[in-house]
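Some notes on the structure that comes next.
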Amino acid sequence: MMKSDQCLPPTRTVTPKVLYYGTPVVLLTTLNEDGASNITPMSSAWALGNQIILGLGEGGKGLENLRRHGECVINLPDPSLWEQVEALAPLTGTSPVPALKAQQFRFEKNKFQAAGLTAIAAQQVTPARIAECPIQIEARVVDLRMTGDPVRFGIIEVEAIVVHAHAGILISESHIDPLRWSPLIYNFRHYFGLGAELGKTFRAEI
Ligand SMILES: Cc1cc2nc3c(=O)[nH]c(=O)nc-3n(C[C@H](O)[C@H](O)[C@H](O)COP(=O)(O)O)c2cc1C
């Protein structure tokens, strides 16, 4: 039975400029033509088992790199890294900067240096890992769907092949401690950390 409207929070239909309703930030590293790694800050990413789905702008360097070389590292920053993430925000590895981005973005070849981050070698893929990120997932492209429209987004499915984690957030080789790991959340273009734990699901093992 429907509750009376008087008991419920009132709603309005709205047209939000963005629908970034709060997802973890990823620093995606991909391989440039010259063998160096580019970093794309992104937040449209989610995991299903070992499959991870990424949404990337079709005018960006990250997607261009993945189409040429289907390997990447999904580096997950924690809230302490938000200023480094924001230092990357106005940059693109695409040169010349696409007309649609030219007013707000500038070209940067070395994003590691621009953000004060450290590149370290991955085990199974060529793009570098970001040492400061507590979780780093090496992955390979399985499927990639483009729209052909530079203002829209490609959808990329990758498969995780090696997962690295800082020792300090681990309980064991198979469990990351949810009390010590916290993602950096992108919530309607503002950065947040997690609040206190509310509870756990019936399948939680720790
Ligand atoms: C926190 C954050 C999240 C973002 N999320 C995405 C995203 O999910 N997908 C995307 O294509 N761009 C996203 N962007 C914008 C890209 O980072 C931006 O277009 C950048 O220039 C891409 O760099 P690249 O061209 O070197 O790949 C995000 C930016 C920030 C700062």
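Descriptive notes on the structure:
- Pick from region 100-148, criterion among the basic types (Lys, Arg) and open to solvent by 70 Å² or more (accessible area, probe 1.4 Å), ranking: nearest to Ala89 (Cα to Cα): Arg106
- Region 85-99, residues that are assigned to a helix (DSSP H, G or I), open to solvent by less than 60 Å² (accessible area, probe 1.4 Å) and more than 8 Å from the ligand (Cβ to nearest atom): Ala87
- Take the conditions (1) more than 14 Å from the ligand (Cβ to nearest atom); (2) of a type outside the set (Val, Ile, Thr); (3) in a loop (DSSP other than H, G, I, E, B); Leu19 misses just one of them, which is (1).
- Exactly one residue out of Val163, Val158 is surrounded by 14 or more Cβ atoms within 10 Å (Cβ to Cβ) and in a strand (DSSP E or B), and it is Val158.
- Single condition Glu159 does not satisfy, out of (1) closer than 24 Å to Gly22 by Cα; (2) more than 19 Å from the chain's Cα centre (by Cα): (2)
- Of all residues in region 30-52, those satisfying the criterion of being out of contact with any helix residue (DSSP H, G or I) (no Cβ under 8 Å at 6 or more places or on another chain) and more than 11 Å from the ligand (Cβ to nearest atom) are Asp34, Gly35, Ala36, Ala47, Leu48, Gly49, Asn50, Gln51, Ile52.
The values are calculated or read from the model by the stated rules, or taken from the named source; none is laboratory data. These figures come from a predicted structure and were not determined experimentally. Here Cβ is always computed from backbone atoms with ideal geometry, including for glycine, and neighbour counts include all displayed protein chains. Accessible surface areas use protein heavy atoms only, side chains included; no ligands, DNA or RNA. Shrake-Rupley method; radii C 1.70, N 1.55, O 1.52, S 1.80 Å.
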